Amino acid sequence: MNVQGVDPGRVAALLERERAAWVEARPKARALHERARRSQVHGTPHPWVAQFPPPVPLVVERAAGARLHDTDGHEYADFGLAATSALWGHTHPAVVAALRDQLDRGTVTMWPHEDQVWVTEALGQRFGLPFWQFTVSATDANRFALLVAKACTGRRRILVFNRAYHGAVDEAHAVLTPDGVARTPGVDPHGADISETTRVVEFNDLGALERELAHGDVAAVLAEPVLTNGGAVIWPEPGFHRGLRELTRRCGTLLVIDETQTIPAGPGGCTREFGLRPDIITMGKWLAGGIPAGAYGMTDEVAAGAARYTEVGDGGLGSTLVGGVLAVRAMRAVLEHVMTEQAYAVMDGLAQRYEKAVGAVIDEHELPWHVARLGGRVSYAFLPRPPRNAGQMYPQVGSELRRALWLYLANRGIVLNGMSGAALFSPLTAEADVDLHNRLFAEVIDELAER
Ligand code: PMP
């Protein structure tokens, strides 16, 4: 018996069989990948797609509702939903109508527009912070939030939680090793010198946090309120967020809450669900229903600091595309018509149906796995209990088992998030697709589990 509760020989055999079946059934995807390799690094727009279970990437011809249609004529229920960028579904009618209408009125002008004000007011009401700036992505929101935090505090360092992910933010690519803080493996050493820029502690470890903040040189803690990256949903322990807020205040450190992947928790993210009081909040992905956009919100004090910092020039916070009217129109549609209590009730119900079925299969086979849910986001991980932090989770990431499960399901019309195996539920997700997943999951575990 393997530590993951399944026979590694069976996993390897299943993976090989499913890989062969995937490639065999996708001649057009194969040909396109060959062509793409001549003009794109790894032959994909995203490096991680090349590291991903299928040897030939999924080539999507059309995405509609919560479904994908590939170039070889296969159809899939999409539970990956572009890692929350397509959380509302690929073609939410309210977003599509707004975009169609806006296309005849311009896409980006670099001048103010009433919809921008409508959106910043709505974001303020939803998330409880008064001042907002637009960005082009969540990565940019985090980069700019950290810059503003440094400008406000006059400090250079940041602190992140071990194995968290916040986008392509040089100084956030830092992990804990037995020898201390190190660059995240695979990140180029010529970027930020993280020994100068970054402190790292495990999530849920207030003692370590207190120790690191006591140096008095940390401008900001950048934190997901619940860790979502790496294949599990890792909840804060009772009192963790209170401690995080008290310690950051006491040490003169700003608290940046990154809601980019935790918005399935509720219409105001974890910030509203948990009653958090961050100094800065960051987001992107889902915000404009799939149109590239992000935003960061600030307290009055942080906004005053940002205003001083940008009195001359743009302070390094600029981008000509920010607040483009097409993206802003999509944001308005999302905030006004899509992120409703009713939509969240649908997403939650579907996620619970999935969580319950996965949990039942884990119990039936007495697998040392667990399943966890944050509103409309569900992950199962190959650990018997939810981990306290992502350091405990990390050895399970990218395992052969994860790849085998992904491919088995994808060959039969179910696509999960390719990196983490997480499932997301949109208001357009069909209950029948959840049931199809649940049946296939029971089937594949039957094949893999030891009896
Ligand atoms: N924050 C978190 C928590 C993320 O998971 C990600 C991306 N997965 C980002 C920020 C960056 O988002 P993007 O790649 O869209 O800029």
- Screening Glu355, Glu431 for residues that are of a type in the set (D, E, K, R), in the same structural domain as Val49 (by TED's automatic domain parsing) and in contact (Cβ under 8 Å) with a residue 40 or more places away in the chain leaves only Glu431
- Message: Give me the strands (runs of 3 or more DSSP E) completely within region 7-80, filtered to those with at least 3 residues that are small (Gly, Ala, Ser), ordered by residue number.
- Response: none
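May I ask you to say which residue of Thr271, Thr248 is within 15 Å of the ligand (Cβ to nearest atom) and assigned to a helix (DSSP H, G or I)?
Numbers: Thr248 fails: within 15 Å of the ligand (Cβ to nearest atom).
Result of the check over Thr271, Thr248: Thr271.
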- Task: Answer yes or no as to whether Thr84 is farther than 29 Å from Ala430 by Cα, within 16 Å of the ligand (Cβ to nearest atom) and open to solvent by less than 30 Å² (accessible area, probe 1.4 Å).
- Result: no
- Item | Scan of region 274-290 for residues that are of a type in the set (Val, Ile, Thr) and within 12 Å of the ligand (Cβ to nearest atom), ordered by number | Ile281, Thr282
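This table checks each residue for (1) surrounded by 21 or more Cβ atoms within 10 Å (Cβ to Cβ); (2) within 25 Å of Met331 (Cα to Cα).
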site: Asp140; (1), (2): yes, yes
site: Val148; (1), (2): yes, yes
site: Gly154; (1), (2): no, no
site: Arg163; (1), (2): yes, no
site: Ala168; (1), (2): no, yes
site: Pro178; (1), (2): no, no
site: Thr184; (1), (2): no, no
site: Val187; (1), (2): no, no
- Note on the structure: When region 189-230 is checked residue by residue, the ones that are within 19 Å of the chain's Cα centre (by Cα) and either of a type in the set (Phe, Trp, Tyr) or surrounded by fewer than 16 Cβ atoms within 10 Å (Cβ to Cβ) (or both) are Phe203
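Table: residues versus (1) within 13 Å of the ligand (Cβ to nearest atom); (2) assigned by TED's automatic domain parsing to the domain that holds Ala223; (3) in contact with a strand residue (DSSP E or B) (Cβ under 9 Å, 6 or more places away or on another chain); (4) more than 23 Å from Leu287 (Cα to Cα).
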| site | (1), (2), (3), (4) |
| --- | --- |
| Arg143 | yes, yes, yes, no |
| Val148 | no, yes, yes, no |
| Arg163 | yes, yes, yes, yes |
| Ala174 | no, yes, yes, yes |
| Asp179 | no, yes, no, yes |
| Arg183 | no, yes, yes, yes |
| Thr197 | no, yes, yes, yes |
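In region 199-210, what residues are within 16 Å of the ligand (Cβ to nearest atom) and touching a helix residue (DSSP H, G or I) at 6+ places or on another chain (Cβ under 7 Å)? I'd like the intermediate steps shown before the answer.
The initial filter retains those residues of region 199-210 that are within 16 Å of the ligand (Cβ to nearest atom), namely 200, 203.
Within region 199-210, Phe203 is the sole residue that qualifies.
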- Could you list, in sequence order, all residues of region 408-451 that are assigned to a loop (DSSP other than H, G, I, E, B), at pLDDT 95 or above and more than 30 Å from Val334 (Cα to Cα)? Asn411, Arg412
- Could you tell me whether any residue of region 97-107 is at pLDDT 95 or above, away from the ligand (no atom under 16 Å from the Cβ), touching a helix residue (DSSP H, G or I) at 6+ places or on another chain (Cβ under 6 Å) and over 19 Å from Gly294 (Cβ atoms)? yes
- Can Glu259 be described as open to solvent by 40 Å² or more (accessible area, probe 1.4 Å) and either of a type in the set (D, E, K, R) or modelled with pLDDT under 95 (or both)? no
- Checked region 300-317 for anything more than 30 Å from Val95 (Cβ to Cβ) and under 24 Å from the mean Cα position of the chain (by Cα); matches are none
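The values are calculated or read from the model by the stated rules, or taken from the named source; none is laboratory data. Small disclaimer: the values here were computed from a predicted structure and weren't measured. Glycine also receives a Cβ, built like all others from the backbone with ideal geometry; neighbour counts cover every protein chain displayed. For the accessible areas, the whole protein counts, side chains as well, though only heavy atoms, and no ligand, DNA or RNA atoms are used. Shrake-Rupley method; radii C 1.70, N 1.55, O 1.52, S 1.80 Å.
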